[in-house]
Each structure stands twice: as structure tokens, then as C-alpha cells.
1. What is the local net charge at Ser71, summed over the other residues whose Cβ is closer than 12 Å to its Cβ (Lys, Arg +1; Asp, Glu -1)?
2. Which of the residue pairs Lys121/Lys181; Lys5/Lys181; Lys73/Lys121; Lys23/Lys135 have a Cα-Cα distance greater than 24 Å in the structure shown?
3. Give me the net charge for the shell around His173: Cβ to Cβ below 10 angstrom, other residues only, Lys and Arg +1, Asp and Glu -1.
4. Among Leu97, Leu131, Leu155, which comes first, second and so on when ranked by fewest other beta-carbon atoms within 10 Å?
5. Using Cβ contacts closer than 10 Å as the measure, can you line up Val99, Val55 from fewest to most?
6. Based only on other Cβ atoms within 10 Å, what is the fewest-to-most ordering of Ile184, Ile124, Ile118?
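Nothing in this text is a laboratory measurement; each read-out follows from the coordinates by a stated rule. Keep in mind it's a predicted model, so treat the numbers as computed, not measured. Every residue, glycine as well, gets a Cβ built from its backbone with ideal geometry; the counts of neighbours run over all protein chains shown.
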Amino acid sequence: MARKKAETEFQDMMGRYHNFRHKYGDRRYCMVCKTLQPKSELKPDYAAAPVFTWVECKEAFEKGNNAGRWSWKEIYEGGTRENQRNWLIENGGWLFLLVGKGRVSSDKNKSSRSAYLIPFKTWIDKIEPDLLLHKMGSIGHNGMRGGKPGATALLADWRLDWVDGGWSIPEQHDWWYALEKRLIAELRRVRTMI
């Protein structure tokens, strides 16, 4: 997987739904001296959807012993991305995760790569405890040695479909229910302003 592939594929998927999406820059240059400034870690990668939805995009390593696996502890409490974690918690954010390596297939049983869109609160309440219980520092597409589960087992409820060369959110996915709830709340809020 190319670097930043998760961000590109998430943006493409949101475009398919004609949703607004805004990518926050990872790097900034000084307007005066043109030098690279320190990376801002406050906001996640994207704001997306008809109402703002904060999404942090993560992907598996490309090479080495952990190829195809994502080291999730970077976004764990005390990890290098703790500011993003806190933002997602405070703002009802989501996690978009690409794991595995190789080609994607529309047949989930044949695919060696997968994508997931998970409410961050669910990640904290349900997924992190499982990862800690199994003493897993990273998560891959399939299970690991010792009977440790992979993303296909742990994250099955939030798995995305590969359709016509891009990721698609299944009709029964939590995303749609959360979006509907937020849209209704936003419409009620806006209506009281008029």
C-alpha cells in the first residue's frame, strides 16, 4: 500500500456519496522563511459528510515484519496521537482503518486487504479491551499466531465493501444510523435559528 493510501481511499469513498470532505494538512510551511513547521497533531485527517464528522485514517505498515498490520497503540491513551484521540472522543469521531496487504477483492473471502469505519467510542468501549485482553500491539487483516483475532473477526460489524474499484459503506452500517441521527438533530437546531 502506498503511503497515505487510507486518506486517499477515504476521500474517494466520501466523494462517491457527494459528501463534503476536508483534509487537514499534515505539514505547513512558514510564509516568510519557507521552512517546514512542526506537525500539528490537534485535529484528525478529515472532516466529512453532510454534517461534520471527524475521521482519523489509519493504515497498515507497508514493509517489514509487521507488513499488513496497524500498530494501534499510537492512538491509545498516552500514545503519540493522544491529542487526536481526545478530539475524536470529544467530537464523536470515527476511525477509518485499512489493514492487510495485496489486492482487494469484491469477494470478502478472497481479499487479503480490508477497510473498516468504526465509531471511535465503540473502538474504545469494545475493540481496545479485546486487543488488550489478547495482548495485541497491532492488528492485521486475518488472525495471528496463538489464536489472536484479526480485523476480519474483531471488526466484522464495521467492514466496508469493495465495489467498482472503491470502498463502499454497506446499507446497514452504523455510519448511516449515526448520520441520520445527527442530520435530524442539526435540522432541528437550524430550524430553531430561523
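1. Working: positive: Lys58, Arg69, Lys73, Arg81; negative: Glu59, Glu74.
Counting the neighbours of Ser71, the net charge comes to +2.
2. Working: Lys121/Lys181 16 Å; Lys5/Lys181 30 Å; Lys73/Lys121 16 Å; Lys23/Lys135 33 Å.
Cα-Cα > 24 Å for Lys5/Lys181; Lys23/Lys135; rest within.
3. Working: positive: Arg159; negative: Asp157, Asp161, Glu171, Asp174.
Result for the local shell: -3.
4. Numbers: Leu97 27, Leu131 19, Leu155 24.
Ascending Cβ contact count within 10 Å gives the list Leu131, Leu155, Leu97.
5. Values: Val99 27, Val55 23.
Taking fewest neighbouring Cβ atoms as first place, the list is Val55, Val99.
6. Numbers: Ile184 10, Ile124 18, Ile118 21.
Sorted ascending by nearby Cβ count, the order is Ile184, Ile124, Ile118.
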